[in-house]
Amino acid sequence: MPDLVVENLLFAFPDDWQVGKYDDWQFYRKHVIPMKVGLKAVDVLACSPGGIAYLIEVKDYRRHPHTKPTEIGDEFTDKVLCTLAGKVLTAKSLRLVLHLEQPKKSSRLFPRSIDPASVQQKVRQRLKAVDPRAIVTDMHRMGNLGFRVSSRVF
């Protein structure tokens, strides 16, 4: 399986998938970044053998709380649109995935401050032209995406 480590999470994809960190692509570094200051991209691009392209953004707030003033749904929307503008994929269809890890139990030290259902609703509203079934998930609720995520062993 092609494995990728992103933000201390191990993403394990089947062998017949094409996967990569978009930031590591020569095309992104050489052509997209110089186009405009402030362009951002999703963390992972994956393509299943069936031609479905997955744009995956990863946020792991289990140890460090969300501190950016930008709302996470807006940030994900911006990254998806910048990624699409930077690289047109030849996929048959496209899936948008915001992988959001938070502490299992909310505490003062590690609060669970983001409601995934609320973020998913906002993302689906804003990105419905790209993927009306965009999902917000975590490693315990992967559904039938076709790949797995687990905590990275340190």
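The values are calculated or read from the model by the stated rules, or taken from the named source; none is laboratory data. Quick caveat: nothing in here was measured; it's all calculated off a predicted structure. Don't worry about glycine lacking a Cβ; one is built from the backbone with ideal geometry, like all the others, and counts go over all protein chains shown.
Restricting attention to the range 28-51, the residues being more than 25 Å from residue 147 (Cα to Cα) and either surrounded by 10 or more Cβ atoms within 10 Å (Cβ to Cβ) or among the hydroxyl-bearing types (Ser, Thr, Tyr) (or both) number 7. Take the range 119-154 and flag every residue that is farther than 17 Å from residue 4 by Cβ and assigned to a loop (DSSP other than H, G, I, E, B). Passing the criteria: 127, 128, 129, 130, 131, 132, 133, 134, 140, 141, 143, 144.
Here residue 23 clears all of (1) part of a helix (DSSP H, G or I); (2) touching a residue at least 24 places away in the same chain (Cβ under 8 Å); (3) of a type outside the set (A, V, I, L, M, F, W, C) except the condition numbered (2). Within the range 80-106, the residues that satisfy the criterion of being modelled with pLDDT under 80 and among the polar types (S, T, N, Q) are 90, 106. Taken over the range 132-151, the criterion of being modelled with pLDDT of 90 or more and either touching a Ser or Thr at 6+ places or on another chain (Cβ under 8 Å) or at positive phi (or both) is satisfied by 139, 145, 146. Taking each residue of the range 112-141 that is among the charged types (D, E, K, R) and looking for partners that are part of a loop (DSSP other than H, G, I, E, B) with beta-carbon atoms closer than 7 Å, six or more apart or interchain, yields 112/102; 112/103; 112/106; 124/132; 124/134. Set side by side, the residues 152, 148, 63 differ, and just one is over 13 Å from the mean Cα position of the chain (by Cα), touching a residue at least 40 places away in the same chain (Cβ under 8 Å) and exposed (fewer than 12 other Cβ atoms within 10 Å of the Cβ), which is 63.
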